[in-house]
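Accompanying notes for the structure given below.
The values are calculated or read from the model by the stated rules, or taken from the named source; none is laboratory data. Note that this is a predicted model, so its numbers are computed, not measured. What goes into the accessible areas is simple: the full protein's heavy atoms, side chains included, and nothing from ligands, DNA or RNA. Shrake-Rupley method; radii C 1.70, N 1.55, O 1.52, S 1.80 Å.
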Amino acid sequence: PFACCPSQSAPWPPAPTDPMKLLLPLLALGLIGSCASTSDGTSTASADQSAMPPASNIMQEGHLPTPFSAAAIRDSCSEGAYRVFFMVTPEGHFTQTLTFGKGDSEGAPFSMTMTDQEGVEIVRQDMPHTAWTVFQSHASSEIESTTLTRERKKTAAGEFDCWVYRSQGPLGLAVTNYFAVNLPGPPIFSLGIGPDGTQVVRTELADYNR
């Protein structure tokens, strides 16, 4: 919501009993905005508000349209495509790499690797063939608990025009996901804030191809 970048890596922390770790799959794959200071302490410039995700991307009643269709994700995440993220959690700083394998019209397998600050791989998960509609569904959010804006976002990989979904996530976590309009796939920036206002997880796109 993802090897060809052996020198880069990324975190998909283990220990599912940790609430922060339960949030990570949600963050990995996510009404008018203006120039303002955001909750993550960065500045976002206003973008074209006229273009929002099409209504055809709505996956179920009562939900906002997802940022991308399954077909758009498929076209952007072909064999060898990767996304490298910097991640900050209470456990430390990590790098996470999501790499797509050979897929077909229905879906594709992908791998997730995680390295620590010394570049040591501490986690690797090879995921089986997953439907493109499943990737799409990761960003399907309820209208009542989610706001959708159009903003620009600077990351280590560049500046992007984004659809921004802000919602109340599981376990009382406030989740913000920035999806780059021209880079279908997982969000290029994600922020999770706990019920007490502390930052639980922050991910930022560092490198990519497609």
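Worth a mention:
- Placed amide H near M59: partners under 5 Å, 5+ positions off or other chain: T66
- Size of segment 58-210 from its Cα atoms: along the principal axes, largest to smallest, the extents are 38, 37, 29 Å.
- Amide H contacts of G103: E79, each under 5 Å away and 5 or more positions distant or on a separate chain (H built 1.01 Å from N in the peptide plane; Pro and chain starts excluded).
- Here, segment 132-210 has an Rg and a Dmax of 12.7, 38 Å when only alpha carbons are counted.
- The HN-Hα couplings worked out from phi for segment 190-201 by the Karplus form 6.51 cos²θ - 1.76 cosθ + 1.60 (θ = phi - 60°) are 9, 9, x, 10, x, x, 8, x, 8, 6, 9, 7 Hz, whole numbers, x standing for Gly and Pro.
- Placed amide H near A206: partners under 5 Å, 5+ positions off or other chain: V84, F85, F86
- Rolling a 1.4 Å probe over the heavy atoms of the protein chains gives segment 110-210 an accessible area of 43 Å² per residue.
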